[in-house]
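Q: Here you go, one structure.
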Amino acid sequence: MFIIDGIILLLTSNLILTQALGTSTLFIAAESRKKLLGTALTITFFTTAGSAAAYFINNLMTEKFKNLTLLFYTLTIGLLYMIILILLYFTGKEKFRDIRKYVHISAFNCAVMGTLFTVTETAKFYPERNNINDFMLSGLQAGAGFLITAFILTAAYKRLTSSDVPASFRGFPAMLVYLGIISMAVYALK
Amino acid sequence: MNRKNSVFDGLLNDNTVLSSFMVISPIIICGDTLRNAVALIYAFSAITFLSVMFGSFVPQKLPYALKIIIYAVISSLVYIPVRLAAEQFFPDIIPRIGIYFMLLAVNSLITVQTEAKFYRMKRGRMILSLIFYIVGFDTVMLITASVRELLAYGTVYDRIVDADILISGLGKPFGGFIFLGLFCGVYRKIRFMANHLKGAN
Amino acid sequence: MQKIKKSERFVWIDIMLTLLAIEVMQYFYYGIRVVVLSGVCAFVSFVAEIVSLNLVNRDFTADDLTCISDALIISLMLPAVIDFRIVAIACVFAVIVVKNIFGGRDNMIFSPSAAAYIFMLVSWKNQVLMFTEPHVRTGISEKAENLVSSASHVFNTSGRMNYSDFEILMGNMRGAGGAVSILLLIVSAVILILRRDISFGAFLGTIFGTAFLAYCIPVCRSKYDSVKYMLVSNMILFAAVYIISDKRIAPRKNYYAFFYGFFIAMFSYILLLKTEKENIIIIVSVFFTPVSLAFRNFEKNIEFSETEGV
């Protein structure tokens, strides 16, 4: 019951299926399973750590400077981007070469930045959720949602790119329609 | 000939949305009415054009990751005056567009295409090419928004038209996904046919 | 190859015969409008199939007639009084967007009928979920009055089913024509299973899963009533026969198909308890398509490794 509840929550609050955040990144990452998993995990790191940082930024910033929110979020993600690349570099050059592409794809995209803004908006509506734990949990949830959507797309990837699909719809257009139908089911579930 | 082709690429052959599948979330979510579309077109065009122009002064010798961060910071700074102006021009629309306005500042055209495409060109050519990439996005946004608004709400720029039956689902996010998928397919089909005709000639 | 193609056509004929039997039953309850509704669905689907196949340079063969059975399934999930234009749009959506964009019958991903039903549900909810009473006949061009909610809706919100067992079996209750004809659905299920036209594993998984949960977490005071009413309401039986057990979608092996059906039933039941939404099993069945695809990929991998091993 608890697991089903969790899955339903991840679906109905899924940023890709409900807000189309990170769709382009998902398509880039969908080329291979390894790439998809790597990207999903890196995005989860960015959304979780970024959400924690967003909590502090929101609380430190006054209403007067609200237009600077985007700049501070960008700087935060930029800092995380650098930290993760430096850590990877010192872990081993081969590992660095393997993993850095996932970091490049995952850092600045709608999935990560969208999560920070969505979490902030949610905290505005529900003040009881304006705490570091809820921010980090929401970030983790967004990453897990990306992972679930990645699974949904991977399951059909071969069929969506197969020669049976008409040439003009093969690949990305078919993926968009596929995600659209799944998104429709999620919308009907709400 | 070659120069002409590259400049027009962003409009048709290498359209930001239909070919490269970038910046699709604002189209899917906010591209359901022409009012939203106009505000988003303004924001996207202003932020992208100014950010890419300012970004072109960043030394190319810097490491890739650092350059990407600098581009994102530049666009976040450009966002501020664009947002302030938008609050004057489109006061009702800004709340409806919500976070997608801010997300335009980290769009893939700025963070990915700059390095892969624009900054490899000479400045004059880059400006022309960039304008056509922006116009390419704007055109898709306008077409998507007008069709979805007409079919989902029975209006055109908020004016009621005589529509017998409305497909409200088209105005929802899933409608955006499906419509954009169909649009991409039709666009590709037309391109295939055009290439076929060219080949025949 | 020829043999496989022939058997596909026989499957279609069997399914059509069972659907037509339900259609005849509905004619007695709702009159000529039901027949016209199905006719509109079949005609629009047929035309959409021919046009879309033509656009992708494929020939129309007898195997493509499955579009008509899908159209009849759509019509049987709807109230007899629904606007014909809505079902026409839904049928075009089913054939073009849900089926032929992905490569048609050679590369089926979603059940066209289930996806089209959800499309109508989210776009025209009131038209899809409001019904006339049985025996109220509406003319072809008449506008229906005194529309009511379905028996499933009343059951979901109150836990009561105000119909006798005989009425339930005969389909003499409020709801979508096809979904309430319980006796005919049972007969259809038996015939289709015996003739191997539908996936037995998926059917069994769905029925067992629903019955099991309805027994363990009853919605009525009596566990027996809970199981009985759960199986006859919310299109559970109809979906189990014509949507979840569709051999084009369900996992091939009965063992995996059972779990596929069981998971759908489990999710639907829990969501039904939480949201009280009508016919949620149809929504869940579309949502479980990736699971079915994953099972199918897994089956292929096993087959491949077995042949490699040999």
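The values are calculated or read from the model by the stated rules, or taken from the named source; none is laboratory data. Since this is a predicted model, take the numbers as computed values, not measurements. Every residue, glycine as well, gets a Cβ built from its backbone with ideal geometry; the counts of neighbours run over all protein chains shown. These accessible areas exclude ligands, DNA and RNA; they are computed on the full protein's heavy atoms, side chains included. Shrake-Rupley method; radii C 1.70, N 1.55, O 1.52, S 1.80 Å.
Q: Only one of B:L40, B:L66 is open to solvent by 20 Å² or more (accessible area, probe 1.4 Å), within 14 Å of chain A (Cβ to nearest Cβ) and either over 26 Å from A:F27 (Cβ atoms) or among the aliphatic types (A, V, I, L, M) (or both); which?
A: Working: B:L40 fails: open to solvent by 20 Å² or more (accessible area, probe 1.4 Å).
Of B:L40, B:L66, the one residue that is open to solvent by 20 Å² or more (accessible area, probe 1.4 Å), within 14 Å of chain A (Cβ to nearest Cβ) and either over 26 Å from A:F27 (Cβ atoms) or among the aliphatic types (A, V, I, L, M) (or both) is B:L66.
Q: From (1) assigned to a helix (DSSP H, G or I); (2) surrounded by fewer than 23 Cβ atoms within 10 Å (Cβ to Cβ); (3) at pLDDT below 90; (4) within 14 Å of chain A (Cβ to nearest Cβ), pick out the condition that doesn't hold for B:V7.
A: With respect to (1) assigned to a helix (DSSP H, G or I); (2) surrounded by fewer than 23 Cβ atoms within 10 Å (Cβ to Cβ); (3) at pLDDT below 90; (4) within 14 Å of chain A (Cβ to nearest Cβ), B:V7 is out only on (4).
Q: Next question. Out of segment C:97-113, which residues are surrounded by 24 or more Cβ atoms within 10 Å (Cβ to Cβ), among the small types (G, A, S) and either facing another protein chain (nearest Cβ under 9 Å) or in contact with a strand residue (DSSP E or B) (Cβ under 8 Å, 6 or more places away or on another chain) (or both)?
A: C:S111
Q: Looking at B:S76, B:S56, which is the one that is within 14 Å of chain A (Cβ to nearest Cβ) and either touching a residue at least 24 places away in the same chain (Cβ under 8 Å) or open to solvent by less than 20 Å² (accessible area, probe 1.4 Å) (or both)? Can you show your working first?
A: Numbers: B:S56 fails: within 14 Å of chain A (Cβ to nearest Cβ).
Answer to the selection: B:S76.
Q: Could you pull out the residue among C:E276, C:E308 that is within 14 Å of chain A (Cβ to nearest Cβ), open to solvent by 40 Å² or more (accessible area, probe 1.4 Å) and more than 14 Å from the chain's Cα centre (by Cα)? Give the steps one after another, and end with the answer.
A: Working: C:E308 fails: within 14 Å of chain A (Cβ to nearest Cβ).
C:E276 is the lone residue from the list that is within 14 Å of chain A (Cβ to nearest Cβ), open to solvent by 40 Å² or more (accessible area, probe 1.4 Å) and more than 14 Å from the chain's Cα centre (by Cα).
Q: Before we move on, is A:D98 more than 16 Å from the chain's Cα centre (by Cα), of a type in the set (D, E), open to solvent by 20 Å² or more (accessible area, probe 1.4 Å) and modelled with pLDDT of 90 or more?
A: no
Q: Is there any pair with a first residue in segment C:80-92 that is at the interface with another protein chain (Cβ under 10 Å from one of its Cβ atoms) and a second that is assigned to a loop (DSSP other than H, G, I, E, B) and surrounded by 18 or more Cβ atoms within 10 Å (Cβ to Cβ) whose Cβ atoms are under 7 Å apart and which are 6 or more apart or on different chains, and what are they?
A: If the second residue must be assigned to a loop (DSSP other than H, G, I, E, B) and surrounded by 18 or more Cβ atoms within 10 Å (Cβ to Cβ), the pairs left are C:I86/C:W124; C:I89/B:I167.
Q: Looking at the structure I just gave you, is C:K253 surrounded by 16 or more Cβ atoms within 10 Å (Cβ to Cβ), within 20 Å of A:S183 (Cα to Cα) and basic (K, R)? Before you say what the answer is, go through the steps one by one.
A: On the way: surrounded by 16 or more Cβ atoms within 10 Å (Cβ to Cβ): yes; within 20 Å of A:S183 (Cα to Cα): no; basic (K, R): yes.
Answer is no for this residue.
Q: In segment B:142-149, is there at least one residue being charged (D, E, K, R) and surrounded by 21 or more Cβ atoms within 10 Å (Cβ to Cβ)? It would help to see each step written out before you state the result.
A: Pass one, segment B:142-149, residues charged (D, E, K, R): B:148-149.
Those still in the list that are surrounded by 21 or more Cβ atoms within 10 Å (Cβ to Cβ) too: B:148-149.
Yes, segment B:142-149 contains at least one residue that is charged (D, E, K, R) and surrounded by 21 or more Cβ atoms within 10 Å (Cβ to Cβ).
Q: Follow-up. Can you find a residue that is assigned to a helix (DSSP H, G or I), charged (D, E, K, R) and surrounded by fewer than 22 Cβ atoms within 10 Å (Cβ to Cβ) anywhere in segment C:36-57? Lay out the reasoning, then the answer.
A: Applying the first criterion (assigned to a helix (DSSP H, G or I)) to segment C:36-57 yields C:36-55.
Going one step further and asking which of them are charged (D, E, K, R), we end up with C:49.
Restricting the remaining residues to those that are surrounded by fewer than 22 Cβ atoms within 10 Å (Cβ to Cβ) gives none.
No, the conditions are met nowhere in segment C:36-57.
Q: Here is a list: A:T47, A:T18. Which entry is touching a Pro at 6+ places or on another chain (Cβ under 7 Å) and either small (G, A, S) or assigned to a helix (DSSP H, G or I) (or both)?
A: Values: A:T47 fails: touching a Pro at 6+ places or on another chain (Cβ under 7 Å).
Checking each option against the conditions leaves just A:T18.
Q: To continue, here is another question. Criterion first (touching a Leu at 6+ places or on another chain (Cβ under 7 Å) and free of Cβ contacts under 8 Å to residues at least 40 places away in the same chain) does A:A150 satisfy it?
A: Working: touching a Leu at 6+ places or on another chain (Cβ under 7 Å): yes; free of Cβ contacts under 8 Å to residues at least 40 places away in the same chain: no.
Against the criterion (touching a Leu at 6+ places or on another chain (Cβ under 7 Å) and free of Cβ contacts under 8 Å to residues at least 40 places away in the same chain), A:A150 does not qualify.
Q: A further question on this structure: For segment C:136-159, what are the residues that are modelled with pLDDT of 85 or more and not hydroxyl-bearing (S, T, Y)? Talk me through it step by step, then tell me what you get.
A: If we filter segment C:136-159 for residues that are modelled with pLDDT of 85 or more, which is where we start, we get C:147-158.
Passing the criteria: C:L147, C:V148, C:A151, C:H153, C:V154, C:F155, C:N156.
Q: Do we have any residue at all in segment A:147-154 that's open to solvent by 10 Å² or more (accessible area, probe 1.4 Å), within 13 Å of chain B (Cβ to nearest Cβ) and part of a helix (DSSP H, G or I)?
A: Scanning segment A:147-154, I find no residue that is open to solvent by 10 Å² or more (accessible area, probe 1.4 Å), within 13 Å of chain B (Cβ to nearest Cβ) and part of a helix (DSSP H, G or I), so the answer is no.
Q: Going residue by residue through segment B:155-166, is there one that turns out to be modelled with pLDDT under 90, part of a helix (DSSP H, G or I) and within 12 Å of another protein chain (Cβ to nearest Cβ)?
A: Within segment B:155-166 (the criterion being modelled with pLDDT under 90, part of a helix (DSSP H, G or I) and within 12 Å of another protein chain (Cβ to nearest Cβ)), the answer is no, since none of the residues qualifies.
Q: Which condition number in (1) surrounded by fewer than 20 Cβ atoms within 10 Å (Cβ to Cβ); (2) without any contact (Cβ under 8 Å) to a residue 60 or more places away in the chain; (3) aliphatic (A, V, I, L, M) is the one that C:I32 fails?
A: With (1) surrounded by fewer than 20 Cβ atoms within 10 Å (Cβ to Cβ); (2) without any contact (Cβ under 8 Å) to a residue 60 or more places away in the chain; (3) aliphatic (A, V, I, L, M) applied to C:I32, the lone miss is (2).
Q: Going through segment C:86-95 one residue at a time, which ones are open to solvent by 10 Å² or more (accessible area, probe 1.4 Å), over 11 Å from C:V47 (Cβ atoms) and among the aliphatic types (A, V, I, L, M)?
A: Across segment C:86-95, the qualifying residue is only C:I89.
Q: Take the residues of segment A:26-43 that are buried (at least 21 other Cβ atoms within 10 Å of the Cβ) and modelled with pLDDT of 85 or more: which is nearest to the other protein chains (Cβ to nearest Cβ)?
A: Ranking the qualifying residues of segment A:26-43, first place goes to A:L26.
Q: Which residues, taken from segment B:47-70, are assigned to a helix (DSSP H, G or I) and among the small types (G, A, S)?
A: Taking segment B:47-70 first, the residues assigned to a helix (DSSP H, G or I) are B:47-55, B:64-70.
Those that are assigned to a helix (DSSP H, G or I) and among the small types (G, A, S): B:S51, B:G55, B:A65.
Q: Restricting segment A:45-62 to residues that are of a type in the set (S, T, N, Q) and crowded, with 23+ Cβ neighbours inside 10 Å, which is nearest to A:A144 (Cα to Cα)?
A: Of all residues in segment A:45-62, those of a type in the set (S, T, N, Q) come to A:47-48, A:51, A:58-59, A:62.
In the following step, the residues that additionally are crowded, with 23+ Cβ neighbours inside 10 Å were identified as A:47, A:51.
Values: A:T47: 10, A:S51: 14 Å.
The extreme case among them is A:T47.
Q: When segment A:169-187 is examined, which residues are found to be at the interface with another protein chain (Cβ under 7 Å from one of its Cβ atoms) and open to solvent by 10 Å² or more (accessible area, probe 1.4 Å)?
A: A:F169, A:F172, A:Y187
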